[in-house]
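**Student:** Structure below; questions to follow.
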Amino acid sequence: MSVWEYILNLIPNLARNLRSAVEGAGWPEWLVFLVIGLTGVVAVTAFVMLLGPPLTWVERRLVARAQVRIGPNRVGPFGLLQPVADALKLLSKEVIVPTQADGLLHLLAPAFIFTPAFMIFAVIPFAPGGVFTDLNMGLVYLIAVGSIGPILVFTAGFANRYSMLGAARAVAQLVSYEVPVTVALATVAVAAGSLSLSDIVRSQSVPFILMFPLAMIIFLIGSFVEVNRSPADLAEAESEIIAGYHTEYGGFKWAVFQLAEYTHMIAASAIIATLFLSGWKGPLLPPYLWFVVKTLGVVLVYMWVRFTLPRIRVDQLMGFAWKFLLPLSLINLMVVGLEVVLAPALPSWLMAINIPFAAASIVIWAKVYRAIEGPAKATQRREIPGVTAPLPAQEREAVGPVR
């Protein structure tokens, strides 16, 4: 085997070499399995955890650029050491537990908040043969694991009764968006003919983002809610409920919640790269590098949306899931099922049908949704003398008197 061939299949080769070394030591089979598993877990955990702080710097610089600001630039060259300074500052702060809080729940929420993200990586294929567990029900596993995060968020809010509003919002978001996201995943399963993530990657001769763009859009929007990212971060809306479910957390515990947000974003980006961007596939570069590049590309999309779109109201968020995304996802599932029946090989010319279909579906259903909702209602506002500019006469008549 040449050096380049070894590098191209680095992850399977390293696993094979580790297994040969451990078995050569004469260890029992169960201990060999345990050592290999723990080594992989430590490697993935270290990669994801070490990727979080640099991403905070990247996001702050990008947000500053978009908002015509400078961003972190004081600590280290170009502000690169700002995440380190922030970590040291938070570690030095006193951790305070409210007297009326449930001490056990107050501790368990930050202790297990990383669990769903790391469990997702158990079935994500990084390269051909580079997967911890190639479950034949991988998609079902992702759906199940994705439901754990909001439970931990609810636990954090329940431990501190003042934060219950943010926790209740998290559960409402999960119930609302889990349905269209699951239907979008079902679309991928129907197209690939398998629930295994490795089989889904192999079936993408053309990335599913081009073959089934509507499923990709629905899943991406739902993932913003699942990982609690703006404009759907209503569980911690700073402008409304201070910090939501982690209002009563400070110091290191608060830092854990912030780092967990980036960890979940990386996990969601890895899922999108696997299901819609053909995973490890790509020319020239080793497969695992293609996977990392695609994952980081999706992370940049999350950041771009955050500093571009404002936070929406909670009633708008719930209505958008049930009245817009869910009907679209069901229509898309039926169309993809029909395409699989009529053209089982899923030829690439289906892109010429599915891309215009996605655009037309969004435009048409948006008009239907607007017709169902009716015209936007004028909102009342209270004028403050010397602060609020008075409304013109026509707008004042439309709004009516303030009660």
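**Student:** If I filter the stretch 138-181 down to residues being among the hydroxyl-bearing types (S, T, Y) and farther than 30 Å from I331 by Cβ, which single residue comes out as modelled with the lowest pLDDT?
**Tutor:** It comes out as Y162.
**Student:** So, one more: Could you list all residues from the stretch 22-43 that are surrounded by fewer than 16 Cβ atoms within 10 Å (Cβ to Cβ) and either within 24 Å of the chain's Cα centre (by Cα) or not in a helix (DSSP H, G or I) (or both)?
**Tutor:** A25, G26, W27, P28, V41, V42, A43
**Student:** Does P54 satisfy being assigned to a helix (DSSP H, G or I), modelled with pLDDT of 80 or more and under 28 Å from V123 (Cβ atoms)?
**Tutor:** yes
**Student:** When T308 is evaluated against the numbered criteria (1) within 24 Å of Q173 (Cα to Cα); (2) among the hydroxyl-bearing types (S, T, Y); (3) not in a loop (DSSP other than H, G, I, E, B), which criterion, by number, is the only one it fails?
**Tutor:** Here T308 meets the rest and fails (3).
**Student:** Pick out the one residue from A122, A232 that is free of Cβ contacts under 8 Å to residues at least 60 places away in the same chain, more than 26 Å from G337 (Cβ to Cβ) and under 17 Å from the mean Cα position of the chain (by Cα).
**Tutor:** It is A122.
**Student:** Quick check: anything in the stretch 66-88 of a type outside the set (S, T, N, Q) and touching a Leu at 6+ places or on another chain (Cβ under 7 Å)?
**Tutor:** For the stretch 66-88, residues of a type outside the set (S, T, N, Q) and touching a Leu at 6+ places or on another chain (Cβ under 7 Å): present.
**Student:** Now for a different question. Considering every residue within the stretch 269-287, establish whether at least one is within 21 Å of D233 (Cα to Cα), among the β-branched types (V, I, T) and not in a loop (DSSP other than H, G, I, E, B).
**Tutor:** yes
**Student:** Hey, does the stretch 328-345 have a residue that's at positive phi, out of contact with any Pro (no Cβ under 6 Å at 6 or more places or on another chain), crowded, with 20+ Cβ neighbours inside 10 Å and not charged (D, E, K, R)?
**Tutor:** The answer is no, given that none of the residues of the stretch 328-345 is at positive phi, out of contact with any Pro (no Cβ under 6 Å at 6 or more places or on another chain), crowded, with 20+ Cβ neighbours inside 10 Å and not charged (D, E, K, R).
Conditions tested, residue by residue: (1) touching a strand residue (DSSP E or B) at 6+ places or on another chain (Cβ under 8 Å); (2) at pLDDT below 80.
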residue	(1), (2)
E236	no, yes
E248	no, yes
F257	no, yes
K281	no, no
P286	yes, no
K294	no, no
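**Student:** Looking only at the stretch 296-325, which residues are at pLDDT 85 or above and within 16 Å of the chain's Cα centre (by Cα)?
**Tutor:** Across the stretch 296-325, the qualifying residues are L296, G297, V298, V299, L300, V301, Y302, M303, W304, V305.
**Student:** Here's something else I'd like to know. Considering (1) assigned to a helix (DSSP H, G or I); (2) modelled with pLDDT of 80 or more, say which one P344 fails and leave the rest.
**Tutor:** (1)
**Student:** Would you point out the residue of the stretch 287-319, among those that are of a type in the set (F, W, Y) and touching a residue at least 12 places away in the same chain (Cβ under 8 Å), that is surrounded by the most Cβ atoms within 10 Å (Cβ to Cβ)?
**Tutor:** F291
**Student:** Report the residue count in the stretch 60-81 for those that are among the basic types (K, R) and surrounded by 12 or more Cβ atoms within 10 Å (Cβ to Cβ).
**Tutor:** 3
**Student:** In the stretch 298-319, is there at least one residue being under 22 Å from V123 (Cα atoms) and among the polar types (S, T, N, Q)?
**Tutor:** The answer is no, given that none of the residues of the stretch 298-319 is under 22 Å from V123 (Cα atoms) and among the polar types (S, T, N, Q).
**Student:** Checking I7 against (1) modelled with pLDDT under 75; (2) among the aliphatic types (A, V, I, L, M); (3) closer than 22 Å to F114 by Cβ; (4) part of a helix (DSSP H, G or I): exactly one of these is not met. Which one?
**Tutor:** That leaves (3) as the condition not met.
**Student:** Six or more apart or on different chains, Cβ under 8 Å: which pairs go from a residue in the stretch 253-276 that's touching a residue at least 24 places away in the same chain (Cβ under 8 Å) to one that's basic (K, R) and surrounded by fewer than 22 Cβ atoms within 10 Å (Cβ to Cβ)? Could you list them?
**Tutor:** Within 8 Å, the pairs are E261/R229; M265/R229.
**Student:** As an exercise: evaluate L105 against (1) among the aliphatic types (A, V, I, L, M); (2) in contact with a Pro (Cβ under 9 Å, 6 or more places away or on another chain); (3) over 28 Å from W57 (Cβ atoms) and give the number of the one condition it does not meet.
**Tutor:** Among (1) among the aliphatic types (A, V, I, L, M); (2) in contact with a Pro (Cβ under 9 Å, 6 or more places away or on another chain); (3) over 28 Å from W57 (Cβ atoms), the lone unmet condition for L105 is (2).
**Student:** So, one more: What number of residues within the stretch 347-389 are modelled with pLDDT of 85 or more and β-branched (V, I, T)?
**Tutor:** 5
The values are calculated or read from the model by the stated rules, or taken from the named source; none is laboratory data. It should be emphasised that the depicted structure is a prediction, and the values quoted were computed from it without experimental measurement. Here the Cβ is made from the backbone with ideal geometry for all residues, glycine too, and neighbour counts use every protein chain on show.
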